[in-house]
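This report refers to the structure that appears directly beneath it.
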Amino acid sequence: MTDLSWLTARPVAHRGFHDMNKKRWENTLSAFAAAAERGYAIECDVHLSSDRVPVIIHDDDLKRLTGQDGFVWQRTAAELTALRVGGTSDHLPTLQQALDLVGGRVPMVVELKGVPGHDEGLVESVGKMLKRYKGKAAIMSFDHWLIRDFPKHAPGIPGGLTAYGKDVKLIEAHFAMLAHDLAFTSYAAGDLPNRFVSFVREKLKMPVITWTVLDQPAVELTFRYADQMTFEGFEPDHVKVA
């Protein structure tokens, strides 16, 4: 089994270390720089541009972050990276720009955002990029159709299931994904504990990180039932580095 102790050694800054989109916005190079300077691992979200370049943005549409109409998949990488985020001097970054900036200083956890009919090549593009990267990196997704491509198109890159919920139907769907060579799970902190998380941690010895931790009760839930937190809106008191 691959050693993933690096994945749980540091708190993971959700979309970088931003200030809840006041001056330093989510998923920007400024937020990634701030996280790396503080020693936090970084979670970021990736969509494919129309010319098949992985670009970092959470939403599939552009309105909330850039004020523009339309969807990420409708624009080229050049058009997307020309857009400013939240009226700041930051622009939408490509994944490669973020990797170049971080330069292996802290781990990167890249969440792949699927858009049915517009995400062909996403796993392969990100997989190739991370294969060349000298730092620690993992990929994850909510989207089962993307996860099924992880072993084929991103071999050697630790792949994770991003998940939530406690009801039987959701839990059974999570269990079904264990057939696809998962290396870790990122689970909603508010849905702990549950039998899926207990099983993967205790029986499979699989690391579990949580999302998104906003307050002390969620911190306590995380470290009672999981291994590390993905946080935002506060600065953890210390960074535990293995």
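Which residue out of Thr76, Thr8 is open to solvent by less than 40 Å² (accessible area, probe 1.4 Å) and either at pLDDT 95 or above or under 21 Å from Ala138 (Cβ atoms) (or both)? Steps first, answer last, please.
Numbers: Thr76 fails: open to solvent by less than 40 Å² (accessible area, probe 1.4 Å).
That would be Thr8, the only listed residue that is open to solvent by less than 40 Å² (accessible area, probe 1.4 Å) and either at pLDDT 95 or above or under 21 Å from Ala138 (Cβ atoms) (or both).
Would you pick out the residues in the stretch 225-238 that are assigned to a loop (DSSP other than H, G, I, E, B) and either surrounded by 14 or more Cβ atoms within 10 Å (Cβ to Cβ) or in contact with a strand residue (DSSP E or B) (Cβ under 7 Å, 6 or more places away or on another chain) (or both)? Once the filter is applied, which keeps residues that are assigned to a loop (DSSP other than H, G, I, E, B) and either surrounded by 14 or more Cβ atoms within 10 Å (Cβ to Cβ) or in contact with a strand residue (DSSP E or B) (Cβ under 7 Å, 6 or more places away or on another chain) (or both), the stretch 225-238 yields Ala226, Asp227, Glu232, Pro236. If I ask for residues that are among the acidic types (Asp, Glu) and in contact (Cβ under 8 Å) with a residue 24 or more places away in the chain, which ones from the stretch 189-242 would you list? Scanning the stretch 189-242 gives Asp191, Asp227, Glu232, Glu235. Of all residues in the stretch 40-53, those that are in contact with a helix residue (DSSP H, G or I) (Cβ under 8 Å, 6 or more places away or on another chain) and either surrounded by fewer than 24 Cβ atoms within 10 Å (Cβ to Cβ) or under 10 Å from Lys113 (Cβ atoms) (or both) total 8. Of the residues in the stretch 106-126, none is more than 13 Å from the chain's Cα centre (by Cα) and basic (Lys, Arg).
Comparison of Lys152, Lys134, Lys169, Lys128 shows that the only residue that is within 29 Å of Gly39 (Cβ to Cβ), open to solvent by 50 Å² or more (accessible area, probe 1.4 Å) and part of a helix (DSSP H, G or I) is Lys128. Does the stretch 205-224 contain any residue that is farther than 19 Å from Arg38 by Cβ, among the charged types (D, E, K, R) and crowded, with 19+ Cβ neighbours inside 10 Å? No: zero hits.
Of all the residues in the stretch 15-39, those that are under 21 Å from Met129 (Cβ atoms) and either within 14 Å of the chain's Cα centre (by Cα) or buried (at least 24 other Cβ atoms within 10 Å of the Cβ) (or both) number 8.
Can you say whether Ile157 is among the aliphatic types (A, V, I, L, M), more than 16 Å from Arg201 (Cα to Cα) and part of a loop (DSSP other than H, G, I, E, B), as far as the supplied structure shows?
Numbers: among the aliphatic types (A, V, I, L, M): yes; more than 16 Å from Arg201 (Cα to Cα): yes; part of a loop (DSSP other than H, G, I, E, B): yes.
The answer is yes for Ile157.
The values are calculated or read from the model by the stated rules, or taken from the named source; none is laboratory data. Please read these numbers as outputs of a predicted model, since none were measured by experiment. Note that each Cβ is placed from the backbone with ideal geometry, even for glycine, and that neighbours are counted across all protein chains shown. Please note that ligands, DNA and RNA were not included when accessible areas were found on the heavy atoms of the full protein model with its side chains. Shrake-Rupley method; radii C 1.70, N 1.55, O 1.52, S 1.80 Å.
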